[in-house]
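Note sheet for the following structure.
Please treat every number below as a calculation from the coordinates, not as lab data. Note that the structure is a prediction, hence the values are computed from the model and not measured. Cβ coordinates were reconstructed from backbone atoms using ideal geometry, including for glycine residues, and neighbour counts include every protein chain displayed.
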Amino acid sequence: MHDRPLTGTRVLDLTNVLAGPHCSYQLMLLGAEVVKVELPRHGDLARQLGPEEELNRAGIGASFLAQNAGKKSIELDLKDPAGRATFEEMIRNADVLLENFRAGVLARLGFDWPRLQRLNPGLVYCAITGFGQQGPMSQAPAYDQVIQGLSGMMSVTGSIETAPLRIGFPICDTLGGLAAALAITAALNGRQRDGLGAFLDVSMLEASMSAMGWAVSNYLISGLPPEPMGNQNATAAPSGTFDAADGPLNIAANQQGQFETLCRHIGRVDLLTDVRFAGREARKHNRDALNTELNAALRSRTALEWERVLNADGVPAARIFTVPQAVDSEQLKHRQFISELPFPDASGRALRVFGSGVLYNGEPLHPTSPPPLLGEHNACLPGLLNRWKNARPEAGHRKN
């Protein structure tokens with residue numbers, strides 16, 4: 001692959017667990033050189049997290065392996081004068097500093113934003129926290145599930161009977177990481193105008209709410225609070241999960257033409273003249289009755305059969321996969337979304353990790369190396385510092 005868009009960009013990554021590491025993983029896939037700065041003998045907490053206890057004890061838990069391929073690892077104690085001095089030297093020559101400490105922690109260690117600016121006017125400093133650097137909750141601890149609850153996300157997940165319900169993966173951490181990666185790339189682009197960096201204050205709560213779409217915007221604009229709809233899409237009908245002969249099937253016949261096509265394929269053209277289902281709003285008001293009629297007809301074929309027939313005629317439909325089925329799908333294989341790397345412990349075991357979902361000039365973005373062992377690059381630090389120093393442009397003329 002030719003140079004990626006962030007090739008030559010130097011990232012100091014102080015983050016732990018998921019939101020920050022997911023951000024720096026995206027930057028690495030785009031070509032950045034990411035150096036994880038980890039606490040000696042402990043490292044990223046994610047090193048101890050995952051379903052395999054043996055990997056956790058070895059400091060290469062599955063949660064760490066998933067987000068840290070292609071990065072380097074050095075150990076520095078920022079409470080130690082020597083560690084702070086080394087870190088300061090790295091800051092002088094870095095492009096990006098990323099951390100997800102609680103608000104104010106890095107400042108108390110002697111590296112507040114004014115000092116960071118003095119050390120490196122071109123530095124892009126990104127701090128990811130649960131609630132942002134200011135406000136009444138800025139010092140509150142935040143985990144993904146806490147953000148899910150405070151964002152209103154859990155209140156619209158599940159059905160009337162089961163809500164509030166946690167989404168089955170750490171979506172708020174992921175959204176916070178993606179928002180940070182987007183802001184960092186924008187700031188790097190903006191820096192080309194005047195050579196000056198930026199301070200990016202990323203709130204996981206706000207990033208999560210901005211991604212909730214109509215669930216928030218309908219209330220903001222029209223004053224309509226959302227309700228949990230289970231497996232149905234509140235914006236249209238028929239749109240949701242239905243019953244095929246062998247299991248559930250998703251159908252999104254959101255447009256009038258799609259509804260008409262669906263009715264023809266299931267042999268129920270009579271539904272088109274039923275006043276309860278004639279128009280978009282009528283179908284939404286009579287969703288349960290419509291779903292009953294559709295499910296009775298859809299049970300005549302398998303989910304795969306309906307997927308092929310309906311998609312071929314412009315009606316979005318698909319089976320509902322388990323995670324193993326999704327990972328092994330032909331679509332992901334075709335796009336080369338999953339990369340295979342060696343395990344960092346030289347065990348010979350294969351490690352599969354995901355990409356970014358973006359093809360860059362037609363090529364998938366793969367990690368460049370396995371996730372690092374804790375402190376794997378300690379011995380390389382003098383050479384890295386020298387290389388960064390020599391590669392640094394003159395102040396005021398920084399280019400990526």
Efficiency of FRET between Arg264 and Thr241 - r from beta-carbon atoms, R0 22 angstrom, step 0.05
0.55
Looking at the square roots a ≥ b ≥ c of the eigenvalues of the Cα gyration tensor of region 239-321, which shape do they give, rounded for a/c under 1.5, prolate if a/b is larger than b/c, or oblate?
prolate
What does the charge dipole of region 253-400 about its Cα centre add up to, to the nearest 20 debye, if the Cβ of each Lys and Arg holds +1 and the Cβ of each Asp and Glu holds -1?
420 debye
Quote the FRET efficiency, to the nearest 0.05, computed for Lys389 versus Leu182 with a Förster distance R0 of 25 Å and r equal to the Cβ-Cβ distance.
0.30
How many nm separate the modelled label positions at His285 and Glu52, each set 7 Å beyond the Cα in the direction of the Cβ?
5.8 nm
Report ³J(HN,Hα) in whole Hz for each residue of region 314-323, in order, from the Karplus equation J = 6.51 cos²θ - 1.76 cosθ + 1.60 where θ = phi - 60°; Gly and Pro get x.
x, 9, x, 7, 6, 5, 10, 8, 7, 4
Can you order the peptides 265-271, 216-222 by their average number of other Cβ atoms within 10 Å per residue, highest first?
265-271, 216-222
Which of these values of Rg and Dmax of the Cα atoms in Å was calculated from the structure shown: (1) 25.5, 85; (2) 24.9, 79; (3) 20.8, 68?
(2)
Using the Karplus equation 6.51 cos²θ - 1.76 cosθ + 1.60 (θ = phi - 60°), what ³J(HN,Hα) coupling, rounded to whole Hz, does each residue of region 140-147 give in order, writing x for Gly and Pro?
6, x, 9, 10, 3, 5, 4, 5
Protection proxy ranking of 240-253, 301-314, 352-365 - average other beta-carbon atoms within 10 Å, highest first:
240-253, 301-314, 352-365
Sorted by average packing, counted as other Cβ atoms within 10 angstrom per residue and highest first, what order do 82-90, 140-148 take?
140-148, 82-90
Among Gln117, Gln258, Gln133, which one shows the highest mean-square fluctuation when the chain is modelled as a Gaussian network with alpha-carbon springs under 10 Å?
Gln258
What percent antiparallel are the DSSP beta bridges of the chain, to the nearest 5?
45 percent
In sequence order, what are the phi-derived ³J(HN,Hα) couplings for region 271-279 according to the Karplus relation 6.51 cos²θ - 1.76 cosθ + 1.60 with θ = phi - 60°, rounded to whole Hz, with x for glycine and proline?
5, 5, 9, 6, 4, 5, 10, 5, x
Pop a pseudo-label 7 angstrom from the Cα along the beta-carbon direction at both Gln145 and Gln117 and give the gap in nm to one decimal.
4.1 nm
Would you calculate the separation in nanometres between label points at Ser222 and Ile160, each defined as 7 Å from the Cα along the Cα-to-beta-carbon direction?
1.9 nm
Nonlocal amide H pairs with Leu200, under 5 Å, H built at 1.01 Å
Tyr125, Cys126, Ala127
Which residues qualify? For Ser73, with a placed amide H closer than 5 Å and at least 5 residues away or on another chain, they are Lys36, Glu376, His377
Modelled FRET efficiency - R0 45 Å, Glu305 with Leu373, Cβ distances, 0.05 increments:
0.35
Taking the number of other C-beta atoms within 10 Å as the exposure measure, put Met229, Met204 in order starting with the fewest.
Met229, Met204
Where nothing but the Cβ of Lys and Arg (+1) and of Asp and Glu (-1) is charged, how large is the charge dipole of the chain around its Cα centre, in debye to the nearest 20?
860 debye
